[in-house]
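Quick one: structure below, then a few questions.
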Amino acid sequence: VQLQACGGGLVQPGGSLRLSCAASGNIFNINSMGWYRQAPGKQRELVVLITTDGTTRYRDPVPGRFTISRDNAKNTVYLQMNSLKPEDTAVYYCNAWSRTVGDFWGKGTQVTVSS
């Protein structure tokens, strides 16, 4: 499975960004896709994932700022990030997980929230 992520960049606090991640290859065993992030000096952490049946799991239980969606026809997931804060600055990694194979990772995309 190959994952191609894009959409990162520099945004001011309170702004929005949309990340996308397209999966290709042997995707039939994928059970979930989602996003993790890693800030400097910190461990990689889950942001959100979505399973094949549409169940979502967010790291932060407070809804509204980040929303994951998917386009099954394009094998693509999207992460809409609103009201961004400086603490959201991190490298964001697309992830795909297979119950039988394990994790697949895309190259990270940098998100910087700064004025």
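Just checking, does the stretch 84-107 include any residue being at positive phi, in contact (Cβ under 8 Å) with a residue 40 or more places away in the chain and open to solvent by 30 Å² or more (accessible area, probe 1.4 Å)?
So far as the stretch 84-107 goes, no, none of its residues is at positive phi, in contact (Cβ under 8 Å) with a residue 40 or more places away in the chain and open to solvent by 30 Å² or more (accessible area, probe 1.4 Å).
In the stretch 23-41, which residues are among the hydrophobic types (A, V, I, L, M, F, W, C) and crowded, with 18+ Cβ neighbours inside 10 Å?
Ala23, Ile30, Met33, Trp35
Tell me which residues, restricted to the stretch 1-22, are hydrophobic (A, V, I, L, M, F, W, C) and open to solvent by 60 Å² or more (accessible area, probe 1.4 Å).
As a first pass, look at the stretch 1-22 and keep what is hydrophobic (A, V, I, L, M, F, W, C): 1, 3, 5-6, 10-11, 17, 19, 21-22.
Hits for the stretch 1-22 are Cys6, Leu10.
Out of Leu79, Leu84, which single residue is touching a strand residue (DSSP E or B) at 6+ places or on another chain (Cβ under 6 Å) and assigned to a loop (DSSP other than H, G, I, E, B)?
None of the others qualify; the one that does is Leu84.
Name the residues in the stretch 65-81 that are open to solvent by 50 Å² or more (accessible area, probe 1.4 Å) and touching a residue at least 60 places away in the same chain (Cβ under 8 Å), would you?
If the condition is that a residue be open to solvent by 50 Å² or more (accessible area, probe 1.4 Å) and touching a residue at least 60 places away in the same chain (Cβ under 8 Å), then Gln80 is the only one that fits.
Scan the stretch 15-67 for residues that are among the aliphatic types (A, V, I, L, M) and modelled with pLDDT under 90 and jot them down.
Quick first cut of the stretch 15-67, residues among the aliphatic types (A, V, I, L, M) only: 17, 19, 22-23, 27, 30, 33, 39, 46-50, 62.
Correct list: Ile27, Val62.
The values are calculated or read from the model by the stated rules, or taken from the named source; none is laboratory data. Quick caveat, the model's predicted, so the values are computed rather than measured. Positions of Cβ are backbone-derived with ideal geometry, glycine not excepted, and every protein chain shown enters the neighbour counts. SASA here: full protein model, heavy atoms, side chains in, ligands and nucleic acids out. Shrake-Rupley method; radii C 1.70, N 1.55, O 1.52, S 1.80 Å.
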